[in-house]
Amino acid sequence: MPHVSFASLVVVAAIAVVAPLLVGLFPRVRIPAVVLEIVAGIVVGPHGLKLVKRVDAPVQILALVGLAFLLFLAGLEIDVERLRGRLLRLACLGFVATLVLGLIAGEIFSAAGTVRSPLFLAIALAATSLGLIVPVLKDAGQASTELGQLIIASSSVADFGAVVLLTLFFSGEHSTGTTAKIVLLVGFALLAAAAALALSRLNRSMRFGDVLIKLQDTTAEIRVRIAVLLLIGFVATAERFGLETILGAFIAGGILSLVDRDSTTHPHFRLKLEAIGYGFVVPVFFVTSGLRFDLGALLHSPSAFARVPLFLLALVVVRGLPAALYRRSVGTRRAVAAGLLQATSLPFIVTATEIGLLLHLIRPVNGAALVSAGLLSVVAFPPIALALLRGDSAGHPSPVPTAVDAVADRPM
(Lines give C-alpha, C1' and ligand atoms only; values in the text may rest on other atoms or scores of the structure.)
Protein backbone atom coordinates (compact mmCIF):
# COMPACT_ATOMS: atom_id res chain seq x y z
CA MET A 1 0.00 0.00 0.00
CA PRO A 2 1.53 3.36 -1.02
CA HIS A 3 2.34 5.87 1.68
CA VAL A 4 -0.25 8.64 1.92
CA SER A 5 0.06 11.64 4.23
CA PHE A 6 -3.04 13.04 5.88
CA ALA A 7 -1.28 16.08 7.38
CA SER A 8 -2.84 18.53 4.92
CA LEU A 9 -6.26 16.95 5.37
CA VAL A 10 -6.02 17.49 9.13
CA VAL A 11 -5.58 21.23 8.55
CA VAL A 12 -8.49 21.27 6.11
CA ALA A 13 -10.73 19.35 8.55
CA ALA A 14 -9.78 21.73 11.37
CA ILE A 15 -10.81 24.73 9.27
CA ALA A 16 -14.11 23.00 8.44
CA VAL A 17 -14.80 22.74 12.19
CA VAL A 18 -13.58 26.17 13.29
CA ALA A 19 -15.33 28.24 10.58
CA PRO A 20 -18.96 27.46 11.55
CA LEU A 21 -18.04 27.60 15.25
CA LEU A 22 -16.80 31.16 14.80
CA VAL A 23 -20.02 32.06 12.99
CA GLY A 24 -22.03 30.58 15.86
CA LEU A 25 -19.95 32.22 18.59
CA PHE A 26 -20.11 35.68 16.99
CA PRO A 27 -23.60 35.89 15.45
CA ARG A 28 -23.39 39.66 14.95
CA VAL A 29 -20.60 39.12 12.43
CA ARG A 30 -22.91 37.94 9.69
CA ILE A 31 -20.44 36.23 7.40
CA PRO A 32 -21.39 32.85 5.90
CA ALA A 33 -19.23 29.96 7.08
CA VAL A 34 -18.35 29.13 3.48
CA VAL A 35 -16.58 32.49 3.15
CA LEU A 36 -14.53 31.82 6.27
CA GLU A 37 -13.64 28.37 4.93
CA ILE A 38 -12.31 29.81 1.67
CA VAL A 39 -10.53 32.70 3.38
CA ALA A 40 -8.93 30.32 5.91
CA GLY A 41 -7.80 28.14 3.01
CA ILE A 42 -6.14 31.18 1.45
CA VAL A 43 -4.41 32.08 4.75
CA VAL A 44 -2.95 28.60 5.45
CA GLY A 45 -2.31 27.67 1.82
CA PRO A 46 0.71 27.83 -0.50
CA HIS A 47 0.12 31.54 -1.16
CA GLY A 48 -0.31 32.37 2.56
CA LEU A 49 1.31 30.92 5.68
CA LYS A 50 2.19 27.69 3.84
CA LEU A 51 0.83 25.43 6.59
CA VAL A 52 -0.46 23.47 3.61
CA LYS A 53 2.28 23.63 0.99
CA ARG A 54 0.39 21.80 -1.72
CA VAL A 55 -2.98 20.22 -2.41
CA ASP A 56 -2.03 16.55 -2.14
CA ALA A 57 -3.92 13.44 -3.26
CA PRO A 58 -6.22 12.90 -0.22
CA VAL A 59 -7.33 16.55 -0.27
CA GLN A 60 -7.77 16.54 -4.06
CA ILE A 61 -9.95 13.43 -4.01
CA LEU A 62 -12.18 14.57 -1.15
CA ALA A 63 -12.47 18.05 -2.72
CA LEU A 64 -13.63 16.44 -5.98
CA VAL A 65 -16.18 14.34 -4.08
CA GLY A 66 -17.25 17.49 -2.22
CA LEU A 67 -17.88 19.33 -5.48
CA ALA A 68 -19.93 16.40 -6.79
CA PHE A 69 -21.95 16.26 -3.57
CA LEU A 70 -22.50 20.02 -3.66
CA LEU A 71 -23.98 19.85 -7.15
CA PHE A 72 -25.95 16.73 -6.15
CA LEU A 73 -27.53 18.58 -3.22
CA ALA A 74 -28.25 21.58 -5.48
CA GLY A 75 -30.07 19.28 -7.91
CA LEU A 76 -31.96 17.83 -4.95
CA GLU A 77 -33.34 21.31 -4.20
CA ILE A 78 -35.18 21.44 -7.53
CA ASP A 79 -38.94 21.12 -7.15
CA VAL A 80 -40.11 19.80 -10.51
CA GLU A 81 -43.74 20.42 -9.58
CA ARG A 82 -43.07 24.16 -9.48
CA LEU A 83 -41.35 24.28 -12.86
CA ARG A 84 -44.45 24.56 -14.99
CA GLY A 85 -46.82 27.11 -16.49
CA ARG A 86 -46.21 30.80 -15.86
CA LEU A 87 -43.33 30.14 -13.44
CA LEU A 88 -41.45 28.13 -16.03
CA ARG A 89 -42.06 30.74 -18.75
CA LEU A 90 -40.77 33.57 -16.56
CA ALA A 91 -37.78 31.48 -15.44
CA CYS A 92 -36.82 30.60 -19.03
CA LEU A 93 -37.32 34.18 -20.22
CA GLY A 94 -35.16 35.40 -17.35
CA PHE A 95 -32.41 32.91 -18.23
CA VAL A 96 -32.44 34.03 -21.86
CA ALA A 97 -32.10 37.62 -20.65
CA THR A 98 -29.24 36.49 -18.39
CA LEU A 99 -27.37 34.94 -21.31
CA VAL A 100 -27.84 38.04 -23.48
CA LEU A 101 -26.62 40.34 -20.72
CA GLY A 102 -23.81 37.90 -19.96
CA LEU A 103 -22.62 37.92 -23.55
CA ILE A 104 -22.61 41.73 -23.54
CA ALA A 105 -20.59 41.73 -20.31
CA GLY A 106 -18.33 39.06 -21.78
CA GLU A 107 -17.64 41.15 -24.86
CA ILE A 108 -16.72 44.11 -22.67
CA PHE A 109 -14.34 42.08 -20.51
CA SER A 110 -12.94 40.32 -23.56
CA ALA A 111 -12.21 43.65 -25.24
CA ALA A 112 -10.34 44.64 -22.07
CA GLY A 113 -8.27 41.46 -22.28
CA THR A 114 -9.68 39.96 -19.07
CA VAL A 115 -11.11 36.79 -20.63
CA ARG A 116 -10.54 35.07 -23.95
CA SER A 117 -14.12 33.93 -24.46
CA PRO A 118 -17.19 36.15 -23.89
CA LEU A 119 -19.36 33.01 -23.82
CA PHE A 120 -17.27 31.54 -21.00
CA LEU A 121 -17.82 34.60 -18.80
CA ALA A 122 -21.53 34.70 -19.70
CA ILE A 123 -21.93 31.09 -18.52
CA ALA A 124 -19.78 31.63 -15.41
CA LEU A 125 -22.04 34.50 -14.34
CA ALA A 126 -25.30 32.73 -15.23
CA ALA A 127 -25.88 30.52 -12.17
CA THR A 128 -27.38 31.21 -8.73
CA SER A 129 -26.42 29.50 -5.47
CA LEU A 130 -29.70 27.60 -5.19
CA GLY A 131 -28.61 25.70 -2.10
CA LEU A 132 -28.01 29.01 -0.32
CA ILE A 133 -31.08 31.02 -1.23
CA VAL A 134 -33.62 28.23 -0.58
CA PRO A 135 -32.97 28.09 3.19
CA VAL A 136 -32.83 31.89 3.26
CA LEU A 137 -36.28 32.07 1.69
CA LYS A 138 -37.61 29.36 4.01
CA ASP A 139 -36.44 31.12 7.16
CA ALA A 140 -37.78 34.41 5.82
CA GLY A 141 -41.22 32.84 5.36
CA GLN A 142 -41.04 33.49 1.62
CA ALA A 143 -40.41 30.05 0.10
CA SER A 144 -44.08 29.28 -0.53
CA THR A 145 -45.02 32.81 -1.64
CA GLU A 146 -45.20 33.93 -5.24
CA LEU A 147 -41.89 35.75 -4.85
CA GLY A 148 -40.18 32.70 -3.38
CA GLN A 149 -41.49 30.41 -6.09
CA LEU A 150 -40.34 32.83 -8.79
CA ILE A 151 -36.83 32.97 -7.34
CA ILE A 152 -36.57 29.20 -6.83
CA ALA A 153 -37.87 28.45 -10.33
CA SER A 154 -35.56 30.99 -11.94
CA SER A 155 -32.56 29.76 -9.96
CA SER A 156 -33.31 26.12 -10.81
CA VAL A 157 -33.45 26.88 -14.54
CA ALA A 158 -30.31 29.04 -14.30
CA ASP A 159 -28.32 26.39 -12.42
CA PHE A 160 -29.33 23.61 -14.79
CA GLY A 161 -28.81 25.74 -17.89
CA ALA A 162 -25.40 26.97 -16.74
CA VAL A 163 -24.19 23.44 -15.97
CA VAL A 164 -25.38 22.15 -19.35
CA LEU A 165 -23.85 25.05 -21.28
CA LEU A 166 -20.54 24.76 -19.44
CA THR A 167 -20.49 21.06 -20.28
CA LEU A 168 -21.46 21.65 -23.89
CA PHE A 169 -18.98 24.39 -24.76
CA PHE A 170 -16.16 24.12 -22.25
CA SER A 171 -15.79 20.50 -21.29
CA GLY A 172 -12.22 19.39 -20.66
CA GLU A 173 -12.48 16.94 -23.56
CA HIS A 174 -10.81 18.76 -26.46
CA SER A 175 -11.26 15.87 -28.88
CA THR A 176 -15.03 16.02 -28.82
CA GLY A 177 -16.72 18.61 -31.02
CA THR A 178 -19.87 20.54 -30.13
CA THR A 179 -22.09 18.44 -32.42
CA ALA A 180 -20.78 15.24 -30.89
CA LYS A 181 -21.35 16.67 -27.41
CA ILE A 182 -24.96 17.47 -28.28
CA VAL A 183 -25.45 13.85 -29.32
CA LEU A 184 -23.81 12.69 -26.10
CA LEU A 185 -25.99 15.08 -24.08
CA VAL A 186 -29.13 13.70 -25.72
CA GLY A 187 -27.96 10.16 -24.98
CA PHE A 188 -27.17 11.15 -21.41
CA ALA A 189 -30.62 12.73 -21.04
CA LEU A 190 -32.28 9.56 -22.31
CA LEU A 191 -30.26 7.53 -19.83
CA ALA A 192 -31.31 9.87 -17.03
CA ALA A 193 -34.96 9.58 -18.07
CA ALA A 194 -34.70 5.79 -18.10
CA ALA A 195 -33.09 5.80 -14.64
CA ALA A 196 -35.80 8.11 -13.29
CA LEU A 197 -38.52 5.87 -14.72
CA ALA A 198 -36.95 2.72 -13.27
CA LEU A 199 -36.49 4.28 -9.83
CA SER A 200 -40.02 5.64 -9.90
CA ARG A 201 -41.43 2.17 -10.59
CA LEU A 202 -39.32 0.65 -7.83
CA ASN A 203 -40.47 3.39 -5.47
CA ARG A 204 -44.12 2.47 -6.16
CA SER A 205 -43.50 -1.22 -5.49
CA MET A 206 -44.99 -2.11 -2.11
CA ARG A 207 -42.61 -5.01 -1.56
CA PHE A 208 -39.55 -2.91 -2.39
CA GLY A 209 -40.91 -0.05 -0.29
CA ASP A 210 -41.33 -2.32 2.72
CA VAL A 211 -37.70 -3.45 2.39
CA LEU A 212 -36.53 0.17 2.18
CA ILE A 213 -38.47 1.09 5.32
CA LYS A 214 -37.06 -1.95 7.12
CA LEU A 215 -33.44 -1.08 6.25
CA GLN A 216 -33.45 2.73 6.07
CA ASP A 217 -32.66 3.42 9.74
CA THR A 218 -30.43 0.42 10.40
CA THR A 219 -26.69 0.17 9.81
CA ALA A 220 -27.59 -0.61 6.18
CA GLU A 221 -28.83 3.00 5.67
CA ILE A 222 -30.17 1.69 2.39
CA ARG A 223 -31.68 4.93 1.08
CA VAL A 224 -28.41 6.79 1.63
CA ARG A 225 -26.49 4.02 -0.12
CA ILE A 226 -28.85 4.14 -3.10
CA ALA A 227 -28.46 7.93 -3.30
CA VAL A 228 -24.66 7.65 -3.19
CA LEU A 229 -24.75 4.95 -5.88
CA LEU A 230 -26.95 7.21 -8.02
CA LEU A 231 -24.51 10.10 -7.56
CA ILE A 232 -21.36 8.11 -8.29
CA GLY A 233 -23.01 6.25 -11.15
CA PHE A 234 -24.03 9.42 -12.98
CA VAL A 235 -20.70 11.15 -12.31
CA ALA A 236 -18.87 8.14 -13.74
CA THR A 237 -21.28 7.97 -16.70
CA ALA A 238 -20.85 11.67 -17.47
CA GLU A 239 -17.09 11.22 -17.41
CA ARG A 240 -17.40 8.18 -19.68
CA PHE A 241 -19.49 10.24 -22.12
CA GLY A 242 -16.79 12.95 -22.16
CA LEU A 243 -19.08 15.39 -20.33
CA GLU A 244 -18.35 17.43 -17.20
CA THR A 245 -18.81 15.38 -14.04
CA ILE A 246 -20.70 18.25 -12.40
CA LEU A 247 -23.51 17.64 -14.90
CA GLY A 248 -23.78 14.02 -13.76
CA ALA A 249 -23.90 15.08 -10.11
CA PHE A 250 -26.55 17.74 -10.75
CA ILE A 251 -28.70 15.37 -12.81
CA ALA A 252 -28.46 12.67 -10.10
CA GLY A 253 -29.80 15.16 -7.55
CA GLY A 254 -32.60 16.20 -9.90
CA ILE A 255 -33.62 12.57 -10.48
CA LEU A 256 -33.72 11.88 -6.75
CA SER A 257 -35.78 15.04 -6.20
CA LEU A 258 -38.24 13.90 -8.86
CA VAL A 259 -38.56 10.33 -7.57
CA ASP A 260 -38.49 11.02 -3.84
CA ARG A 261 -41.39 13.44 -3.44
CA ASP A 262 -43.19 11.75 -0.53
CA SER A 263 -40.97 11.80 2.55
CA THR A 264 -43.59 10.75 5.09
CA THR A 265 -42.03 7.30 5.53
CA HIS A 266 -38.45 8.57 5.66
CA PRO A 267 -38.39 12.13 7.06
CA HIS A 268 -34.68 12.02 7.96
CA PHE A 269 -33.38 10.84 4.58
CA ARG A 270 -32.41 14.21 3.15
CA LEU A 271 -31.00 15.33 6.48
CA LYS A 272 -28.65 12.34 6.34
CA LEU A 273 -27.52 13.29 2.83
CA GLU A 274 -26.93 16.87 3.93
CA ALA A 275 -24.97 15.58 6.92
CA ILE A 276 -22.61 13.68 4.60
CA GLY A 277 -22.30 16.62 2.22
CA TYR A 278 -22.23 19.71 4.41
CA GLY A 279 -20.74 17.86 7.38
CA PHE A 280 -17.86 16.18 5.56
CA VAL A 281 -16.93 16.54 1.91
CA VAL A 282 -18.41 19.91 0.85
CA PRO A 283 -16.27 21.93 3.32
CA VAL A 284 -13.19 20.19 1.93
CA PHE A 285 -14.07 21.53 -1.52
CA PHE A 286 -14.43 25.10 -0.27
CA VAL A 287 -11.27 25.07 1.85
CA THR A 288 -9.38 23.57 -1.10
CA SER A 289 -10.71 26.37 -3.29
CA GLY A 290 -9.02 28.75 -0.86
CA LEU A 291 -5.80 26.74 -0.95
CA ARG A 292 -5.72 27.15 -4.73
CA PHE A 293 -6.60 30.86 -4.58
CA ASP A 294 -3.65 33.01 -5.70
CA LEU A 295 -4.17 36.02 -3.44
CA GLY A 296 -0.63 37.29 -3.96
CA ALA A 297 -1.09 37.61 -7.71
CA LEU A 298 -4.34 39.51 -7.14
CA LEU A 299 -2.86 41.92 -4.60
CA HIS A 300 0.25 42.53 -6.68
CA SER A 301 -1.85 43.50 -9.69
CA PRO A 302 -3.79 46.73 -9.02
CA SER A 303 -5.63 46.42 -12.32
CA ALA A 304 -6.79 42.90 -11.52
CA PHE A 305 -7.79 43.93 -7.97
CA ALA A 306 -9.85 46.75 -9.49
CA ARG A 307 -11.74 44.16 -11.56
CA VAL A 308 -13.31 42.62 -8.44
CA PRO A 309 -16.04 45.30 -8.11
CA LEU A 310 -16.49 45.19 -11.89
CA PHE A 311 -17.15 41.43 -11.79
CA LEU A 312 -19.50 42.01 -8.84
CA LEU A 313 -21.37 44.63 -10.86
CA ALA A 314 -21.53 42.20 -13.76
CA LEU A 315 -23.16 39.63 -11.46
CA VAL A 316 -25.79 42.17 -10.42
CA VAL A 317 -26.53 43.11 -14.02
CA VAL A 318 -26.45 39.59 -15.52
CA ARG A 319 -28.40 37.73 -12.82
CA GLY A 320 -30.11 40.55 -10.95
CA LEU A 321 -31.52 42.69 -13.75
CA PRO A 322 -33.76 39.92 -15.19
CA ALA A 323 -35.68 40.00 -11.88
CA ALA A 324 -37.31 43.15 -13.25
CA LEU A 325 -39.64 40.68 -14.99
CA TYR A 326 -41.22 40.02 -11.57
CA ARG A 327 -41.96 43.69 -10.83
CA ARG A 328 -45.52 43.60 -12.07
CA SER A 329 -46.30 40.54 -9.93
CA VAL A 330 -44.48 41.29 -6.67
CA GLY A 331 -43.66 45.01 -6.71
CA THR A 332 -40.44 46.96 -7.12
CA ARG A 333 -38.97 46.38 -3.64
CA ARG A 334 -39.42 42.60 -3.75
CA ALA A 335 -38.16 42.45 -7.32
CA VAL A 336 -34.94 44.19 -6.22
CA ALA A 337 -34.60 41.67 -3.36
CA ALA A 338 -35.15 38.84 -5.84
CA GLY A 339 -32.46 40.26 -8.11
CA LEU A 340 -29.93 40.38 -5.28
CA LEU A 341 -30.68 36.79 -4.25
CA GLN A 342 -30.39 35.61 -7.86
CA ALA A 343 -27.04 37.41 -8.14
CA THR A 344 -25.69 35.41 -5.18
CA SER A 345 -23.26 32.92 -6.69
CA LEU A 346 -20.06 31.23 -5.56
CA PRO A 347 -19.73 27.43 -6.01
CA PHE A 348 -20.48 27.51 -9.73
CA ILE A 349 -18.13 30.47 -10.22
CA VAL A 350 -15.37 28.53 -8.44
CA THR A 351 -16.04 25.48 -10.62
CA ALA A 352 -16.25 27.45 -13.87
CA THR A 353 -13.09 29.38 -13.01
CA GLU A 354 -11.15 26.15 -12.43
CA ILE A 355 -12.29 24.88 -15.85
CA GLY A 356 -11.46 28.25 -17.42
CA LEU A 357 -7.94 28.14 -15.97
CA LEU A 358 -7.48 24.59 -17.23
CA LEU A 359 -8.52 25.61 -20.76
CA HIS A 360 -6.55 28.91 -20.58
CA LEU A 361 -9.71 30.96 -21.05
CA ILE A 362 -8.86 33.23 -18.14
CA ARG A 363 -5.59 34.15 -16.44
CA PRO A 364 -5.09 33.06 -12.81
CA VAL A 365 -5.10 36.62 -11.52
CA ASN A 366 -8.40 37.38 -13.26
CA GLY A 367 -9.81 34.06 -12.08
CA ALA A 368 -8.96 35.11 -8.51
CA ALA A 369 -10.78 38.40 -9.10
CA LEU A 370 -13.86 36.55 -10.38
CA VAL A 371 -13.92 34.22 -7.37
CA SER A 372 -13.46 37.24 -5.07
CA ALA A 373 -16.57 38.79 -6.63
CA GLY A 374 -18.46 35.58 -5.91
CA LEU A 375 -17.29 35.71 -2.29
CA LEU A 376 -18.52 39.29 -1.95
CA SER A 377 -21.89 38.36 -3.46
CA VAL A 378 -22.43 35.70 -0.79
CA VAL A 379 -21.43 38.11 1.98
CA ALA A 380 -23.35 41.17 0.83
CA PHE A 381 -26.39 40.31 -1.28
CA PRO A 382 -28.51 38.01 0.95
CA PRO A 383 -28.42 40.36 4.00
CA ILE A 384 -29.41 43.34 1.83
CA ALA A 385 -32.20 41.33 0.20
CA LEU A 386 -33.46 40.21 3.60
CA ALA A 387 -33.45 43.79 4.84
CA LEU A 388 -35.59 44.76 1.86
CA LEU A 389 -38.00 41.89 2.51
CA ARG A 390 -38.10 42.71 6.22
CA GLY A 391 -38.97 46.32 5.49
CA ASP A 392 -41.55 45.29 2.91
CA SER A 393 -43.24 42.89 5.33
CA ALA A 394 -43.31 45.29 8.31
CA GLY A 395 -46.59 44.85 10.06
CA HIS A 396 -47.18 41.44 8.47
CA PRO A 397 -47.24 38.22 10.49
CA SER A 398 -44.15 36.61 8.87
CA PRO A 399 -40.96 37.94 10.47
CA VAL A 400 -37.48 37.12 9.27
CA PRO A 401 -35.33 36.88 12.39
CA THR A 402 -33.11 33.95 11.49
CA ALA A 403 -32.64 34.12 7.74
CA VAL A 404 -29.07 35.38 7.82
CA ASP A 405 -28.18 32.48 10.11
CA ALA A 406 -29.22 30.21 7.26
CA VAL A 407 -26.77 32.05 5.03
CA ALA A 408 -24.05 31.28 7.51
CA ASP A 409 -24.96 27.63 7.78
CA ARG A 410 -25.55 26.67 4.18
CA PRO A 411 -22.77 27.08 1.63
CA MET A 412 -24.52 26.84 -1.68
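Of the candidates VAL163, VAL282, VAL29, which one comes out as most mobile in a Gaussian network treatment of the chain with C-alpha springs shorter than 10 Å?
VAL29
With only Lys, Arg, Asp and Glu charged, each at its Cβ (+1 for the first two, -1 for the last two), find how big the charge dipole of the range 203-262 is about the Cα centre; round to the nearest 20 debye. Show your work: numbers first, answer last.
Values: 7 positive and 7 negative charges, 42 e Å.
Dipole size: approximately 200 debye.
Report the relative contact order of the chain, percent, no decimals, based on alpha-carbon pairs under 8 angstrom and at least 6 residues apart.
On the way: 630 pairs, mean separation 126.4, N = 412.
Over the chain, the number comes to 31 percent.
Give me, ordered by chain and number, the residues 5 or more places off VAL115 or on other chains with an amide H under 5 Å from its own placed amide H.
Under 5 Å from the amide H of VAL115 lie the amide H atoms of SER110, each far enough along the sequence or on another chain.
Among THR219, THR167, THR178, which one shows the highest mean-square fluctuation when the chain is modelled as a Gaussian network with alpha-carbon springs under 10 Å?
Among THR219, THR167, THR178, the largest GNM mean-square fluctuation belongs to THR219.
Place the peptides 370-376, 16-22 in order of packing, highest mean first, counting for every residue the other Cβ atoms within 10 Å and averaging per peptide. Walk me through the numbers on the way to the answer.
Working: 370-376: 23.9, 16-22: 17.0.
Descending packing order for the listed peptides: 370-376, 16-22.
For ASP262, what accessible surface area do you get with a 1.4 Å probe? Give it in Å², rounded to 10.
100 Å²
Under Stokes-Einstein, with the Kirkwood radius over Cα pairs standing in for Rh, what whole-number D in µm²/s applies to the range 1-82 at 25 °C and 0.890 mPa s?
Details: Rh = 14.7 Å.
So the translational diffusion coefficient is about 167 µm²/s.
Please list, in chain and number order, the residues 5+ apart from GLN216 or on another chain whose amide H is under 5 Å from its amide H, with Hs placed from the backbone.
It is ILE222, by chain and number.
Bin all alpha-carbon pair distances of the range 209-255 at 10 Å intervals from 0 and give each bin's fraction as a whole percent.
All Cα pairs considered, the percentages come to 29, 37, 24, 9.
State in Å² the accessible area per residue of the chain; use a 1.4 Å probe, count heavy atoms of protein chains only, and round to the nearest integer.
On the way: 18530 Å² over 412 residues.
Dividing the accessible area of the chain by its residue count gives 45 Å².
What whole-number value in cubic angstrom gives the convex hull volume per residue for the C-alpha atoms of the range 230-369?
Details: hull volume 23.4 nm³, N = 140.
With only Cα atoms used, the range 230-369 gives 167 Å³ per residue.
Have a look at PRO20, PHE241, LEU386 and report the one farthest towards the positive end of the charge dipole of the chain, computed about the Cα centre with Cβ charges (Lys/Arg +1, Asp/Glu -1).
Most positive-ward Cα: LEU386.
In the range 43-107, carbon and sulfur make up what percent of the accessible area (probe 1.4 Å)? Working shown, then result.
Working: 2210 of 3200 Å².
Reported share for carbon and sulfur atoms: 69 percent.
Just checking my list (1) 21.8; (2) 22.4; (3) 20.2 against Kirkwood radius over Cα pairs in Å computed from this structure; which label fits?
Checking each listed value against the structure points to (1).
At 18 angstrom or more along the helix axis (alpha-carbon based) and mean Kyte-Doolittle of 0.5 or higher, what helices does the chain contain? Whole DSSP H runs only. Kindly include the intermediate steps, with their values, before the conclusion.
Numbers: long enough: 7-25 (27 Å, 2.69); 57-76 (28 Å, 2.32); 85-111 (39 Å, 1.62); 146-170 (35 Å, 1.60); 178-204 (38 Å, 1.40); 222-240 (26 Å, 1.45); 245-259 (21 Å, 2.19); 302-315 (21 Å, 1.56); 364-392 (41 Å, 1.33).
Once both thresholds are applied, what remains is 7-25, 57-76, 85-111, 146-170, 178-204, 222-240, 245-259, 302-315, 364-392.
With charges set only on the Cβ (+1 for Lys and Arg, -1 for Asp and Glu), what does the dipole of the range 17-101 come to about its Cα centre, in debye to the nearest 20? Before the final figure, lay out the partial values.
Details: 9 positive and 5 negative charges, 48 e Å.
Dipole size: approximately 240 debye.
Under the definition of Cα pairs under 8 Å and six or more residues apart, what whole-number percent is the relative contact order of the range 209-262?
Numbers: 32 pairs, mean separation 12.7, N = 54.
This gives 23 percent for the range 209-262.
Please tell me the relative contact order of the range 1-147 in percent, rounded to the nearest whole number, where contacts are Cα pairs under 8 Å and at least six residues apart. Working shown, then result.
Details: 86 pairs, mean separation 21.9, N = 147.
Dividing the mean separation by the residue count of the range 1-147 yields 15 percent.
Go from 0 up to the bin containing the longest alpha carbon distance in the range 1-141, width 5 Å each, and give me the % of pairs per bin.
All Cα pairs, binned at 5 Å, distribute as 2, 8, 10, 13, 14, 16, 15, 12, 7, 2, 1, 0 percent.
Using amide H atoms built in the peptide plane, which far-off residues or other-chain residues are under 5 Å from THR344 H to H?
SER129
Quick check on packing: order 263-269, 192-198, 114-120 by the mean number of other C-beta atoms within 10 Å, highest mean leading.
On the way: 263-269: 12.1, 192-198: 14.0, 114-120: 20.1.
The peptides rank, most packed first, as 114-120, 192-198, 263-269.
For the chain, with only Lys/Arg (+1) and Asp/Glu (-1) charged at the beta-carbon, what is the dipole magnitude about the Cα centre, in debye rounded to 20? Present the calculation step by step, with values, prior to reporting the outcome.
Numbers: 32 positive and 23 negative charges, 91 e Å.
Magnitude of the dipole: close to 440 debye.
Any idea what Rg and Dmax come out to for the range 58-200 if you just take the C-alpha atoms, in Å?
Expressed in Å, the Cα Rg and Dmax of the range 58-200 come to 17.0, 51.
Out of VAL316, PHE348, ALA74, whose Cα points farthest toward the positive end of the dipole of the chain (charges: +1 Lys, Arg; -1 Asp, Glu; placed on Cβ)?
VAL316
Percent of accessible area on the range 142-278 owned by carbon and sulfur, 1.4 Å probe?
On the way: 4350 of 6730 Å².
About 65 percent, which is the carbon plus sulfur part of the accessible surface.
Say we join alpha carbon atoms closer than 10 Å with springs in a Gaussian network model of the chain; which of GLY85, GLY45, GLY102 then has the biggest fluctuation?
With Cα springs under 10 Å in the chain, the top fluctuation among GLY85, GLY45, GLY102 is at GLY85.
Restricting to DSSP loop positions (anything but H, G, I, E, B) with no more than 14 other Cβ atoms inside 10 Å of their own Cβ, which chymotrypsin sites (Phe, Trp or Tyr not before Pro) remain in the range 182-246? Walk me through the intermediate numbers first.
Details: sites: PHE188, PHE208, PHE234, PHE241; in loops: PHE241.
Nothing satisfies the criteria.
The values are calculated or read from the model by the stated rules, or taken from the named source; none is laboratory data. This structure is a prediction, so every number in the text was calculated from the model and none was measured. Backbone-built Cβ (ideal geometry, glycine too); neighbour counts: all protein chains shown. Quick note on the areas: whole protein, heavy atoms, side chains included, nothing else; ligands and nucleic acids left out. Shrake-Rupley method; radii C 1.70, N 1.55, O 1.52, S 1.80 Å.
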